[in-house]
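J.: Attaching a single structure in structure tokens format; questions to follow.
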Amino acid sequence: MSTQKINLQVGDGTTMQAYVSIPEGKGPFPAVMVFQEAFGVNSHIRNVADRVAKEGYVAIAPELFHRTAAPGAEMSYGDMNAIMPHFQGMTLEGMSADVKATYDWLQKQANVKHDKVGCIGFCLGGRVSFIANTVVPLSAAISFYGGRTSDYVDRAPLMNSPHLFFWGGLDKHITPDQVDTVINAVKAANKPYTNVVISYADHAFHCDERPSYNAKAASEAWAMSMAFFKNNLL
């Protein structure tokens, strides 16, 4: 496995840094876009990208706060006040442009199977994964506890690929009615999906750098995620 940082030119004229992790071997490989939490492309997100690459996928994690934060910026888990200006600066247009720039870069890589691209995202990135599935022709998409995904359910008819959703049953940030809003919209659009609520897990249960980390839930969700990618990308 090898890693690198690259710069992507986004359609709105901005420049976005991204972390790339590439499997060993010649390829071509399927690819996975990895979308960050609200804390930047930090060690946790880079670790996710590396784990994805070790499974045989080219992984790329774009810095979604590039319009409001310096390249490489990482935010503290305990300082929500510092995060909010970046978080609130996210727009559908901006997220869509970032997804397209990341996807377009993958389409230009000789070591990528261009018709086998998926995505996975956490918290903020879970919402971006849902949007990505409506913006570019993905083959698989995964959302871990995607906050405010319910704000975008009118896009469900535009979904291009099967979608795997994970939620924490103890999550106070994403209420059961918000989960129902998302799943009912996907169901009404007659789109393929898998919905998993882990009753004993809290928000951000997959992040081993946060107090809400739940090793059992994270292990089970990761195994299901890799099976989902295998079924749809390999």
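J.: Among residues belonging to the stretch 13-33 that are closer than 24 Å to Met84 by Cα and either out of contact with any Gly (no Cβ under 7 Å at 6 or more places or on another chain) or among the hydroxyl-bearing types (Ser, Thr, Tyr) (or both), point out the one that is surrounded by the most Cβ atoms within 10 Å (Cβ to Cβ).
T.: Applying the filter and picking the extreme gives Met33.
J.: Can you go through Glu37, Glu74 and tell me which one is under 15 Å from Phe122 (Cα atoms) and in a loop (DSSP other than H, G, I, E, B)?
T.: Being under 15 Å from Phe122 (Cα atoms) and in a loop (DSSP other than H, G, I, E, B) holds for just one of Glu37, Glu74, which is Glu37.
J.: Go through the stretch 205-227 and give me each residue that's in contact with a His (Cβ under 9 Å, 6 or more places away or on another chain) and under 24 Å from Ala140 (Cα atoms).
T.: Scanning the stretch 205-227 gives His206, Cys207, Ala217, Ala218, Ala221, Trp222.
J.: Filter the stretch 138-167 down to residues that are buried (at least 18 other Cβ atoms within 10 Å of the Cβ) and farther than 26 Å from Leu233 by Cα, then give me how many there are.
T.: 1
J.: Inspect all residues belonging to the stretch 72-86 and state whether any of them is over 20 Å from Phe205 (Cβ atoms), small (Gly, Ala, Ser), touching an Asp or Glu at 6+ places or on another chain (Cβ under 9 Å) and surrounded by fewer than 19 Cβ atoms within 10 Å (Cβ to Cβ).
T.: Yes, there is a match, as at least one residue in the stretch 72-86 is over 20 Å from Phe205 (Cβ atoms), small (Gly, Ala, Ser), touching an Asp or Glu at 6+ places or on another chain (Cβ under 9 Å) and surrounded by fewer than 19 Cβ atoms within 10 Å (Cβ to Cβ).
J.: While we're looking at this one, here's another question. Criterion first (of a type in the set (Asp, Glu), over 20 Å from Ile120 (Cβ atoms) and free of Cβ contacts under 8 Å to residues at least 60 places away in the same chain) does Asp12 satisfy it?
T.: In short, no.
J.: Now for a separate question. Pull out all pairs, ordered by first then second residue, where Cβ-Cβ is under 9 Å, the residues are six or more apart or on different chains, the first lies in the stretch 87-104 and is outside any helix (DSSP H, G or I), and the second is buried (at least 19 other Cβ atoms within 10 Å of the Cβ) and among the β-branched types (Val, Ile, Thr).
T.: Every condition considered, the pairs that remain are Met90/Val128.
J.: Also, quick follow-up: Can you report the number of residues in the stretch 1-15 which are assigned to a strand (DSSP E or B), hydrophobic (A, V, I, L, M, F, W, C) and over 13 Å from Asp104 (Cα atoms)?
T.: Going through the stretch 1-15 one residue at a time, the tally reaches 1.
J.: Continuing with the same structure: Which pairs have Cβ atoms under 7 Å, sit 6 or more apart or on different chains, and link a residue in the stretch 72-83 that is closer than 20 Å to Arg46 by Cβ to one that is buried (at least 17 other Cβ atoms within 10 Å of the Cβ) and at pLDDT below 85?
T.: Sorted first by the residue in the stretch 72-83, then by its partner, the list stays empty.
J.: If you don't mind, another one. Do you know which of the residues in the stretch 126-137 that are touching a helix residue (DSSP H, G or I) at 6+ places or on another chain (Cβ under 8 Å) and touching a residue at least 40 places away in the same chain (Cβ under 8 Å) is surrounded by the fewest Cβ atoms within 10 Å (Cβ to Cβ)?
T.: Top of the filtered list is Gly126.
J.: With the structure loaded, tell me whether Val41 is closer than 20 Å to Ala218 by Cα, free of Cβ contacts under 8 Å to residues at least 40 places away in the same chain and under 18 Å from the mean Cα position of the chain (by Cα) or whether it fails that test.
T.: In short, yes.
J.: Right, another one. Which of the residues belonging to the stretch 36-95 are touching a Leu at 6+ places or on another chain (Cβ under 9 Å), among the small types (Gly, Ala, Ser) and more than 23 Å from Lys113 (Cβ to Cβ)?
T.: Ala38, Gly40, Gly94
J.: Which condition number does Gln88 fail, the rest of (1) more than 20 Å from Thr14 (Cβ to Cβ); (2) at pLDDT below 95 being met?
T.: Condition (1) is where Gln88 drops out.
J.: Identify, from the list Asp115, Asp98, the residue that is surrounded by fewer than 15 Cβ atoms within 10 Å (Cβ to Cβ), over 18 Å from Gln4 (Cβ atoms) and modelled with pLDDT of 95 or more.
T.: None of the other options fit; the residue is Asp115.
J.: For the stretch 187-234, which positions are in contact (Cβ under 8 Å) with a residue 24 or more places away in the chain and at positive phi?
T.: Ala204
The values are calculated or read from the model by the stated rules, or taken from the named source; none is laboratory data. Predicted, not measured: the structure shown is a model, and the values here were computed from it. Note: ideal-geometry Cβ built from the backbone for every residue, glycine included; neighbour counts use all protein chains shown.
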